[in-house]
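Report on the following structure.
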Amino acid sequence: MFTLKLKRIVVIAALALVMRAGASFAETPHLGKPIDEAAIANWDISILPDGTGLPKGSGTPAQGASIFAEKCSACHGDNGKGGGPANALVSDAKIAGISAANKTIKNFWGYSTTIFDFIRRAMPFTQPRSLSDDEVYALTAYILAENKLIGATDVMNAETLPKVKMPARDNFIIRFPDRI
Amino acid sequence: MDKSADRNAGKRDVRRQDLPIVAGNGLIDRRALLGRGAILAGAMGAGIAPSAAGAEPLADDPWSLEMGEPTPPYQVRSKFEAKVVRTLSNPNNEPRNAHARTPHHLLEGTTTPNGLHFTINHGGVPTIDPDKHRLVIHGLVKQPLEFSLESLSRYPLVSRMSFLECGGNSAPMFSPEPMQETVQALHGLVSCAEWTGVKLSTLLEETGIDPKAKWLVAEGADSPHLSRSVPMKKALDDAMIALYQNGERLMPGNGYPMRLLLPGYEGNMNVKFLRRLKLVEQPAMSMYETRTYSPILPDGKAYRFYFLQEVKSFITSPSHGMALKGPGLYEISGIAYSGTGPIEKVMVSADGGKSWAAAALQEPVLSKAFTRFRLPWRWDGGPATLQSRAWDEAGNVQPTRAEFVAVRGELTKPPPVLGFANQHYNSITSWGVGSSGEVKHVYA
């Protein structure tokens with residue numbers, strides 16, 4: 001009698017365990033607070049290579065030149081040609097050898113959107129997020145024009161920037177395709 | 001059982017010439033370490049028996065004769081250990097990145113103490129108020145959600161050991177000649193800790209996933225808003241939002257109050273100070289993924305999305321900068337790890353790769369974590385070249401330097417030791433022992 005009862009308890013407990021396992025997805029604590037994209041907008045600075053996420057605004061190389069002289073050249077050198085503590089941004093050097101020192105925007109960066117994205121999220125080094133979107137477009141245009149990747153009067157905006165074809169676009173080999 | 005024969009066997013074993021040598025230049029069977037410690041200890045004392053005559057009588061030292069220091073609420077190590085520190089690339093916090101390297105030659109076991117875990121920060125270490133920090137998950141989800149540290153701490157937590165390695169660790173070994181640097185300078189940008197946190201897949205269950213999502217873009221709350229793209233495949237596998245490091249909250253330099261942990265994947269992808277995860281259809285091609293961590297190959301092309309920290313090992317003792325104090329028995333000790341899974345075996349050579357012996361692996365051998373290997377070695381006082389080579393359970397083998405260079409190339413001249421001339425270096429490291437006992441970095 002006792003044994004039967006025990007068996008029944010074991011079966012019920014086992015059933016309960018199975019049901020819990022089956023329903024486990026629904027049993028997470030649900031402590032996340034719903035938030036809408038509008039509230040995230042100020043943080044949402046992701047730019048995709050097809051231009052998704054690029055904000056309104058625009059800038060030209062000429063506008064960028066004066067901003068660059070004021071806010072960037074101290075580290076990146078006059079006209080972005082290096083000589084300061086940070087990397088040169090303008091160079092015609094070709095890749096010769098495996099050293100990362102060979103990498104330039106012109107010979108290595110695959111997407112123009114990466115320039116906009118990085119400036120907007122991280123530059124100037126000691127005052128990130130202090131530039132307006134127009135200023136970021138202007139600086140991007142300036143760097144592209146100095147590298148002769150766009151014309152000296154080309155306007156960069158959400159439509160034109162992703163269309164700039166970077167010379168290194170097809171220079172890459174995906175290392176482990178099965179991990180993507 | 002013939003007890004006298006057994007006793008005689010024991011006697012034979014303690015004689016120097018009978019230690020089970022299994023590979024050239026004095027490598028001893030690893031089983032001499034396992035359960036046969038007494039034999040090894042006996043052997044170490046064999047040879048010239050030291051005389052006890054004239055030994056100083058033992059006296060009590062002052063600390064045995066007075067009450068000690070008060071017990072602190074948060075204890076720190078002995079002041080005599082003050083030299084065991086990380087080496088810094090940017091101690092004055094100039095506006096550039098800052099690295100701190102783990103002193104592997106001064107540590108043992110498999111867990112890196114929190115104060116010695118390597119860090120690289122790209123805009124200083126932010127001071128984040130944990131009560132104000134938020135993690136947002138949005139993009140291609142059914143319901144964007146915002147999490148506080150307090151709310152995440154109430155989720156079912158998981159703990160796992162995991163190594164973390166900078167994709168640029170060991171970069172000085174791209175040098176065409178062996179740089180005379182310690183294991184800390186060469187390999188100090190890898191560490192291993194127990195991480196505790198919430199599985200990312202649990203949170204993604206709550207937000208829901210739009211089937212179009214193939215990547216997520218992770219972003220930190222630090223000043224560069226460091227950002228990396230991560231395949232959803234990894235996010236739903238073993239990715240974690242880590243909240244604890246070796247049982248306590250994360251160190252500030254390791255991402256306090258929360259970081260992304262992607263076991264086995266290059267350090268930079270394990271985004272610290274994590275504040276945002278956006279699910280997207282395509283990778284963002286961020287600066288760090290398309291420039292910094294895309295290594296150039298000898299033909300001028302470059303790898304992208306390397307992700308994996310491949311199978312690797314190195315001997316931490318003896319290692320460059322140490323000096324052996326005369327011929328005799330030493331223990332070779334080192335660490336092995338693979339981003340693919342558990343270590344299967346580690347072979348050690350004392351003759352530059354001519355012959356090899358299997359090292360003892362310290363249990364537990366865990367997936368994507370440090371495995372400590374050890375092997376007894378009798379140094380006869382002559383030149384020796386020590387190497388270790390690791391295999392992982394997936395069948396990957398650590399390449400020799402020649403094999404590695406044949407595929408990945410090398411630099412034309414020695415680089416600055418703190419630089420990152422290239423990434424994802426994992427060949428065998430060789431330590432040359434000279435007749436004087438001095439240990440130097442060599443290529444073999």
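For the charge dipole of region B:312-442, defined by +1 on Lys and Arg C-beta atoms and -1 on Asp and Glu C-beta atoms about the Cα centroid, which residue among B:Gly382, B:Thr340, B:Pro416 has the Cα displaced farthest towards the positive pole?
B:Pro416
Projecting each Cα onto the charge dipole of the protein assembly as shown (Lys/Arg +1, Asp/Glu -1 at the beta carbon, about the Cα centre), which of B:Gly24, B:Thr207, B:Gly168 comes out farthest on the positive side?
B:Gly24
Given a Förster distance of 60 Å, report the FRET efficiency between A:Ala88 and B:Glu69 from their Cβ-Cβ distance, rounded to the nearest 0.05.
According to the calculation, E is roughly 0.65.
Test of understanding: what is the full-extension gain from B:Leu418 to B:Asp237, defined as 0.36 nm times their sequence separation minus their Cα-Cα distance?
61.8 nm
Using a/c under 1.5 as the rounded threshold, could you call region B:312-442 rounded, prolate or oblate? The axes a ≥ b ≥ c are square roots of the C-alpha gyration tensor eigenvalues, and prolate needs a/b larger than b/c, oblate otherwise.
It comes out oblate by the Cα gyration axes.
Which shape class, rounded, prolate or oblate, goes with region B:176-325 when its Cα gyration tensor gives a ≥ b ≥ c as root eigenvalues, a/c under 1.5 marks rounded, and past that a/b bigger than b/c marks prolate?
Since a/c reaches 1.5 but b/c is at least a/b, the shape of region B:176-325 is classed as oblate.
Using the Karplus curve 6.51 cos²θ - 1.76 cosθ + 1.60 with θ = phi - 60°, work out ³J(HN,Hα) for each residue of region A:83-94 in order, rounded to whole Hz, and write x for Gly and Pro.
Per residue, the Karplus-derived 3J(HN,Hα) values read x, x, x, 10, 4, 5, 10, 10, 6, 9, 4, 8 Hz.
With label points built 7 Å along Cα→Cβ from the Cα atoms of A:Leu31 and B:Gln180, find their separation and express it in nm.
Those two pseudo-labels are separated by 5.6 nm.
Determine the dipole magnitude for region A:55-170: charges of +1 sit on the beta-carbon of Lys and Arg, -1 on that of Asp and Glu, nothing else is charged, the reference point is the Cα centre, and the result goes in debye to the nearest 20.
I would put it at about 320 debye.
Over chain A, with a Gaussian network built from C-alpha contacts below 10 Å, which listed residue (A:Ser73, A:Ser58, A:Ser99) shows the highest mean-square fluctuation?
A:Ser99
Mind listing the long-range amide H neighbours of B:Phe314? Cut-off is under 5 Å, sequence gap 5 or more, other chains count too, H placed in the peptide plane at 1.01 Å from N.
The answer is B:Ile335.
Under unit Cβ charges (Lys, Arg +1; Asp, Glu -1), what dipole magnitude, rounded to 20 debye, does region B:312-442 have relative to its Cα centre?
200
Quick one: B:Ser51, B:Ser338, B:Ser148, fewest Cβ neighbours within 10 Å first, how do they rank?
Result, fewest neighbours first: B:Ser51, B:Ser148, B:Ser338.
I need the phi-derived Karplus couplings for region A:28-43: 6.51 cos²θ - 1.76 cosθ + 1.60, θ = phi - 60°, integer Hz, Gly and Pro marked x.
5, x, 6, 9, x, 9, x, 9, 9, 4, 4, 6, 8, 3, 5, 8
Which one, B:Ala185, B:Phe370, A:Thr126, is farthest towards the positive end of the dipole of the protein assembly as shown when Lys and Arg carry +1 and Asp and Glu -1 on their Cβ?
Most positive-ward Cα: B:Phe370.
Nearest 500 deg cm²/dmol is fine: what mean residue ellipticity at 222 nm does chain B get from its DSSP H runs of n ≥ 4 alone, each adding -39,500 (n - 2.57), divided by its residue count?
Calculated at 222 nm, the ellipticity per residue is -3000 deg cm²/dmol.
What spacing in nm lies between the two simple spin-label points modelled at B:Ala323 and B:Ala52, each 7 Å away from Cα in the Cβ direction?
3.2
Given Cα positions, please report Rg to Rh for region A:62-161, the hydrodynamic radius being the Kirkwood one.
For region A:62-161, the value is 0.94.
Once you place label points 7 Å from the Cα toward the Cβ at B:Lys212 and B:Glu281, how far apart are they in nm?
Distance between label points: 0.5 nm.
Could you work out Rg/(2.2 N^0.38 Å) for the protein assembly as shown, with Rg from alpha carbons only?
My calculation over the Cα atoms of the protein assembly as shown gives 1.11.
Roughly what angle does helix A:112-122 make with the longest principal axis of chain A, taking Cα atoms, 0 to 90 degrees, to the nearest 10?
It works out to around 80 degrees.
Running a GNM on chain B with Cα contacts under 10 Å, which residue among B:Glu56, B:Glu205, B:Glu310 ends up with the highest mean-square fluctuation?
The residue that fluctuates most here is B:Glu56.
Which one, B:Asp29, B:Asp131, B:Asp351, has the greatest fluctuation when you compute a Gaussian network model over chain B with C-alpha springs under 10 angstrom?
For chain B, modelled as a Gaussian network with Cα springs under 10 Å, the answer is B:Asp131.
Apply the a/c threshold of 1.5 to the C-alpha gyration tensor of region B:354-428 and tell me whether it is rounded, prolate or oblate.
Note, shape of region B:354-428 comes out oblate.
Can you tell me the FRET efficiency between B:Glu393 and A:Phe176 if r is taken as the Cβ-Cβ distance and R0 is 25 Å, rounded to the nearest 0.05?
With R0 = 25 Å, the Cβ-Cβ based efficiency is 0.90.
My understanding is that a pair violates if its Cα-Cα distance is over 19 Å; which of A:Lys94/A:Lys165; B:Lys234/B:Lys368; B:Lys212/B:Lys301; B:Lys199/B:Lys278; B:Lys199/B:Lys312; A:Lys81/A:Lys103 do that in this structure?
Violating the 19 Å Cα-Cα cut-off are B:Lys212/B:Lys301; B:Lys199/B:Lys312.
At a temperature of 10 °C and a viscosity of 1.306 mPa s, determine how fast chain A diffuses translationally according to Stokes-Einstein, using the Kirkwood radius over alpha-carbon pairs as Rh; express D in µm²/s, rounded to the nearest whole number.
79
Restricted to Cα positions, what overall size does region A:103-169 have along the principal axes? Three whole-Å values, descending.
Projected onto its principal axes, the Cα set of region A:103-169 covers 30, 26, 18 Å.
Placing unit charges on C-beta atoms (Lys and Arg positive, Asp and Glu negative, everything else neutral), compute the dipole magnitude of the protein assembly as shown about its Cα centre in debye, rounded to 20.
It comes to approximately 1120 debye.
Full extension from B:Phe80 to B:Glu331: what is 0.36 nm times the residue separation minus their Cα-Cα distance, to one decimal in nm?
Gain on extension, B:Phe80 to B:Glu331, equals 88.0 nm.
To make sure I understand, if each residue's beta carbon is the centre and we count other beta carbons within 10 Å, what order do B:Val136, B:Val85 fall in, fewest to most?
By the 10 Å Cβ count, ascending: B:Val85, B:Val136.
What is the order of B:Val125, B:Val348, fewest Cβ neighbours within 10 Å to most?
By the 10 Å Cβ count, ascending, the order reads B:Val125, B:Val348.
No lab work stands behind these numbers, since they all come straight from the coordinates. Keep in mind the model is a prediction, meaning the values are calculated, not measured. Note that we place each Cβ from the backbone using ideal geometry, even for glycine, and neighbour counts take in every protein chain shown.
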